[in-house]
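The values are calculated or read from the model by the stated rules, or taken from the named source; none is laboratory data. Predicted, not measured: the structure shown is a model, and the values here were computed from it. Ideal geometry is used to build each Cβ from the backbone, glycine not excepted, and the neighbour counts take in all protein chains shown. These area figures cover heavy atoms from the full protein model, side chains too; ligands, DNA and RNA do not enter into them. Shrake-Rupley method; radii C 1.70, N 1.55, O 1.52, S 1.80 Å.
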Amino acid sequence: MVWFVTCLAVWMPFPEARECDEPALSAVLERLARAHGIEEPPQLILREGDGAPRAVSDGSILVFTGRLGSSMTEPALAFALAHEWAHLLLGHPRRLGAATLLQVALGGTGPGVDALWLRLELEADAAALEWMSSAGYPGYASLDALDLLTTPSDATWTRRVALARRLWEE
């Protein structure tokens, strides 16, 4: 049921959300865009609360204000935003959404959706690490971002190992 709720968040509009007016967030996103020659980054939407950033199927990135505290460094924020932007560029909301709807229609979530979710997360992590590094941010901040934005689980451990391996290979 957790995956179903997560995917609904990707599709549902957020009426209490507002357009981003945080210069620091916009500056990080613009730096990432410049590093890749992209003229128009996705729109950032702010929402009260303490969730991790999310890619939204309309092409925007939802950022919760509770996660913007002093513990989130600019490089960790760069990884988080690059990760969500990678989800958008790679078409992940659509792919995960279709798989989740099918699974729920068949009676709930299960290993197939979990495996797809982890694969999409690993793809977005790899793209974000490359992207943030080319924008001049230190790659190790990706591990800091995971610590701040995820809960301990086997999936998080798998993601940390994959990122650490990529950093080691650099």
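Below are the figures for this structure:
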| quantity | calculated |
| --- | --- |
| Residue-span extension gain [Ala164 to Ile38] - 0.36 nm each, minus C-alpha spacing | 42.6 nm |
| Accessible-area ranking of Trp157, Trp168, Trp117, Trp131, largest first, probe 1.4 Å | Trp168, Trp157, Trp117, Trp131 |
| Hull-based mean projected area of the range 34-100, where the convex hull spans the alpha carbons, in square nanometres | 5.1 nm² |
| Ordering of 89-96, 122-129, 32-39 by burial proxy (mean other Cβ atoms within 10 Å per residue, highest first) | 122-129, 89-96, 32-39 |
| Solvent exposure of the range 33-82 as accessible area per residue, Å², 1.4 Å probe | 46 Å² |
